[in-house]
Structures are given as C-alpha cells and as structure tokens.
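Note sheet for the following structure.
The values are calculated or read from the model by the stated rules, or taken from the named source; none is laboratory data. What you are looking at is a predicted structure, and each value in this text was computed from that prediction instead of being measured. Please note: Cβ atoms are built from the backbone with ideal geometry, for glycine as well, and neighbour counts cover all protein chains shown. Calculation scope for accessible area: heavy atoms of the full protein, side chains included, ligands and nucleic acids excluded. Shrake-Rupley method; radii C 1.70, N 1.55, O 1.52, S 1.80 Å.
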Amino acid sequence: MTYIADLFIDGEWRAGSSGERFDVIDPSDLSVIARFAVASEADCMAAVDAAASAQAAWAATAARERSELLRAAYDIFTDELEQFAEIMVRENGKAWSDAIGEANYAKEFFRWFSEEAVRIPGDFRLSPSGDKRILVDRQPIGVSLLITPWNFPAAMATRKIAPALAAGCTTILKPARETPLTAAYVVDVLRRAGVPSGVVNLVTPVPTGPNVAKMIDRPEVRKLSFTGSTEVGRDLLRACADSVVSASMELGGNAPVIVLPGADMDVTIEGAVLAKMRNGGSACTAANRFYVHASLHDEFVERMNVALGEFTTGPGLDRSNQLGAMVSVTERDKVAGLVDAAVADGATVVRGGKASEAGAFYDATLVTGVQHGSRITMNEIFGPVTAVVRYDDVDEAVRMANDTIYGLMAYVFGEEREAMAVAHRLEAGMIAINRGVVSDPAAPFGGVKQSGLGREGSSEGILEYLEEKYIAVTA
Ligand code: ADP
C-alpha cells in the first residue's frame, strides 16, 4: 500500500518547505516504510494562517452541514477499516486485532460528534432581580492545535478533530513522530468527505518543542488539546500560560487494579487480561499494578500465567499474533528496564521478561512479589507486564492505589456493592467495575490529579471547544 507522507496545509498535500524528510519505521523489523515530510517553522506558520483564515466561515457553516461532513467521514472510515488497520500495524507495531479494535473505536468519534454537532446547548433565564434576561450562547473557541501520541494514532486524532469540527473550530493536527501515516490517512478521509480547505491541517515539525511553542504563541490559536506524557503536558501548560490558551490535557496514567476478597475469578481473569493486554499494554488506561487480596493471590497468579501464555508474539500483519511489537526499541528497553528494576527489588518473573533480539518485541510477562512503591508501581509501564502486589487489608489496598500523582483509570473486581464502595474512594477519573475496558465515545474520558484537565468524548467533549458568551438583555 502507498502511504501519504506529506503535510496537509490549506487543503493540499505538500512536501515541507525545507524538502527534508524523516523515517517512519516498522518496529517489527525496523525497516523504513516511508519518509515523511518535515514541517519547518514556515510550514507551521502557514498551517496556523490557513486555519485562521478558514475559522470564520467554518464557524458560520450550519451545524447540520458540519454534522453531515463528519458523518461522511465516518462512512468512508467504515469502508476503509482494513486500510487503517494495516497502516497502524506497520508504523505502530500493534497486533492486527488491536488495530481493527482501534479503527472501530476511532471512527465512532466521527459518528458520535456528527450527532453532537446539532445539539450544542445554550441557556436562557431571568435574573433574580427581574431587570434583565440572561442569554448564554456557546461559540467555537477558535483555532485549535491538537497534539496526539503514537499508541492510538487514529483514535486520539479523531477524538480531538471530531468535537473541534462539530463545535465549529478549525484545526492543526500534530501527530507523534512515530505514527504520522495514520494521521495523514485520517486527514485524507476528512478531505475526501468534503471538509473545506484550511479547516483541518497536518504538520510534523522538527524539532517539535520550539515549533509547537511558536504555534501556541500565535494569537489566533485559542485551544490546545494534548494527549501524551505528563512531563510534556506540564511544559505545554507553561507555554499556554503566556497567551492564556485554553488547554485540555490527557496525560499519563498508573491504573491500579484491586482484586477484592470475594471477586469472581472467571470475571477477574477475563477483565484483567483485557485491562492489561489490550493494545499490548500501550494504553494510558492500561492496568499498571495489580493489588490482589491474599486469599485469591495464588489462584490469580496461576490463572493469569495460563492466560498470558496464550498470547503469541509476532508481527501484526500475521493476524494470528495477539501481541505485536512495541512502537520502538527505545520503548521496549524502557519496559525491560522496569522489569529488571522490579527484580532487583526482590520481585520474581513468573513468565516472560524477555526482550526480542530482532524487532521491538517484548513477551507477555508476569511478575509477582512486587513491592508497592518500587519503580514499576510508580511509573507507567506501557507494555505487556502484569505486576502483582499481594495485600491483606482493603483499606491498605485503597491507600496504595491512591498513592500516585496520577488519577486516570482504576479497576475493581469484587462483589458489586463492595466494589462500588471502593470505587467511590479511588482517585481516578474513570473506574471499571468487573470489566477490563471502559472506553466509549459516549462516556467522558479523562483524569484527575496529574493525569489531566478536561474530558473527551461524551457531551462534555464538544464543550472543550466552545466558549460561553453571556448576553444581557434589558427586561
Ligand atoms: P509518549 O510517551 O506518548 O511518546 P510524549 O508526551 O513524548 O508521549 O508525546 C506525545 C506527543 O507530544 C507527540 O505528538 C510528541 O511528538 C509530542 N511532543 C513531544 N515533546 C513535545 C514538546 N516539547 N512540545 C510539544 N509536543 C511535544
């Protein structure tokens, strides 16, 4: 398949003004699959110019028309699901089933926000003193810069572009260096759906930081929506402070799983495997540390060991492999480093623990005897490693679960009322009870503490791209 590997600015595909390109790598064999255009500072500024010029007309486009363009994009995406999956497998390394899963999830944001575009709420009330009528209108915030990571290269792009477009904002998408091909394909779907020139732009600047900062500095840019690491998120929040740009942040996670005494083990293992292994563990919602009650610990470990043993590792284009490559050798080595550190702290590797010699693979891994507070429980693993901590007391499990700067996702397995009681005590923006996956375009996705600001998806998602305007009318 041929890949689109250019910038998209003002409705056209362009090589960057510098003529330079960077390599896009297939992490399963480290081959170069494309050379993507580098965006220079001038290209980034041209993208802001294009988005700014298109803003007024796009905001004035009827909501029904914006809705139908998104719906057309959904239909194209649906027809081309396998092409999307193939690109994601090639540049990200993920398993075929994960790629199809992501493509299905990604396209739903076009459908969901095509439906939300025509339901933007306003408000009207009388002032208590009776002197005026209070009209609250919602207007598009303006040019939106959207920065996405490599782990879900399609879904993170559609989860931002769809609400922005539905709200009437024009956009500049800055995908991760590792996965620009999927982003380019998403943008091309929107182009083919008929989205006007300048409404969606795509840039891949090198170096990233300074060029992104220059875009944020442009007064026309009013919104930054970022998904990525907490470290980069903090820097971007600082950059936004200078021109008081509205920022939505989906940052790192460190999801605890609490297995309560009395948990149904069939349900627990099924959910635990999904929570851990979906997308090869490269998800900010991925289960990061398993707190298992002493009464169930040995059975949990034994059954997880069997379940993880069923994962075959290998290139995602071979559809029988359930665990693909990590996105890069660097990521693979990061995961290996965390497992090594856990072992140095006294943990035992029950299964896996091996990095591949060729390609960026890391086997499904099970580590027991992990100490709460060790590096593997405090850092986002982002790989297929199940780290098990044994506990005796539920209050202690809740304390350990909350003992992190992050607060994106948490999982609880147990009898439903007890699990609900624990869920209320957990510091996380999203909690799964007796299940391994929560993501749904209709649900508010986001974190508390240093996992982020704002929500994506649901009816909240579009509000991130709208500003309230209060108009007072004399009664
Ligand atoms: P990940 O761990 O997912 O790679 P990063 O936070 O490093 O998380 O990357 C997420 C996104 O942020 C990517 O698109 C990446 O290119 C971008 N990025 C990385 N560094 C910066 C920076 N200094 N300024 C703006 N964007 C950045």
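What number comes out for the charge environment of E299, summing +1 per Lys or Arg and -1 per Asp or Glu over other residues with Cβ under 15 Å away?
Net charge in that neighbourhood comes out at -3.
Under 14 Å Cα to Cα from K449, which aspartates and glutamates show up? Leave out anything in the same chain fewer than 8 places away.
Candidates past the 8-residue exclusion: E231, E250, D403, E427.
Mind jotting down the distance between the C-alpha centroids of segment 176-231 and segment 28-67, whole Å?
Segment 28-67 and segment 176-231 have Cα centres separated by 6 Å.
Could you tell me how many degrees, from 0 to 90 and to the nearest 10, lie between the Cα long axis of helix 81-92 and the main elongation axis, the longest principal axis, of the Cα atoms of the chain?
Once rounded, the angle reads 70 degrees.
Using the Kirkwood formula on the Cα atoms of segment 338-461, what hydrodynamic radius do you get, in angstrom to one decimal?
16.2 Å
Please give me the summed charge of the neighbours of Y470: other residues whose Cβ is under 12 Å from its Cβ, Lys and Arg +1, Asp and Glu -1.
Summing Lys/Arg as +1 and Asp/Glu as -1 gives +1.
Given the convex hull of the Cα atoms of the chain, what is a quarter of its surface area in nm²?
Projected area, direction-averaged: 23.2 nm².
Mind pulling the angle between the C-alpha long axis of helix 41-60 and the longest principal axis of the chain? Nearest 10 degrees, somewhere in 0 to 90.
Approximately 70 degrees, to the nearest 10.
Measure nothing fancy, just the Cα-based angle from helix 416-425's long axis to the longest principal axis of the chain, in degrees from 0 to 90, nearest 10.
60 degrees
Hey, which lysines would be in cross-link range of K132, C-alpha to C-alpha under 17 Å, not counting anything within fewer than 8 residues on its own chain?
K469
In units of 2.2 N^0.38 Å, what is the alpha-carbon radius of gyration of segment 71-160?
For segment 71-160, the normalised Cα radius of gyration comes out at 1.59.
With runs of 4+ DSSP H residues as the only contributors, calculate the mean residue ellipticity of the chain at 222 nm using -39,500 (n - 2.57) per run, divided by the residue total and rounded to the nearest 500. Provide the component values of the computation, followed by the final result.
Numbers: 15 runs with 192 residues, N = 475.
Theoretical 222 nm ellipticity from helices: -13000 deg cm²/dmol.
Kindly report the accessible area of segment 393-474 per residue (heavy atoms of protein chains, probe 1.4 Å, no ligands, DNA or RNA), in Å².
47 Å²
Given the pairs K94/K214; K174/K334; K223/K354; K174/K354; K214/K354, which span a C-alpha to C-alpha distance of over 31 angstrom in this model?
K94/K214; K223/K354; K174/K354; K214/K354
Could you check what % of the DSSP bridge pairs in the chain are antiparallel, to the nearest 5?
Within the chain, antiparallel bridges account for around 45 percent of the total.
At q = 0.23 Å⁻¹, work out log10 I(q)/I(0) for segment 144-268 with the Debye formula, treating every Cα as an identical point scatterer and leaving solvent out; two decimals please.
-1.45
Could you work out the local net charge near A342, counting Lys and Arg as +1, Asp and Glu as -1, over the other residues with Cβ closer than 11 Å to its Cβ?
Working: positive: R289, R375; negative: D340, D345.
Combined, the nearby Lys, Arg, Asp and Glu give 0.
Within segment 190-253, what whole-number % of the accessible surface is contributed by carbon and sulfur, with the 1.4 Å probe and all protein chains included in the calculation?
58 percent
What number comes out for accessible area per residue over segment 1-93 if the probe is 1.4 Å? Units Å², please. Each step should come with its number before you reach the end.
Values: 3930 Å² over 93 residues.
Spelled out: the 1.4 Å probe surface of segment 1-93, per residue, equals 42 Å².
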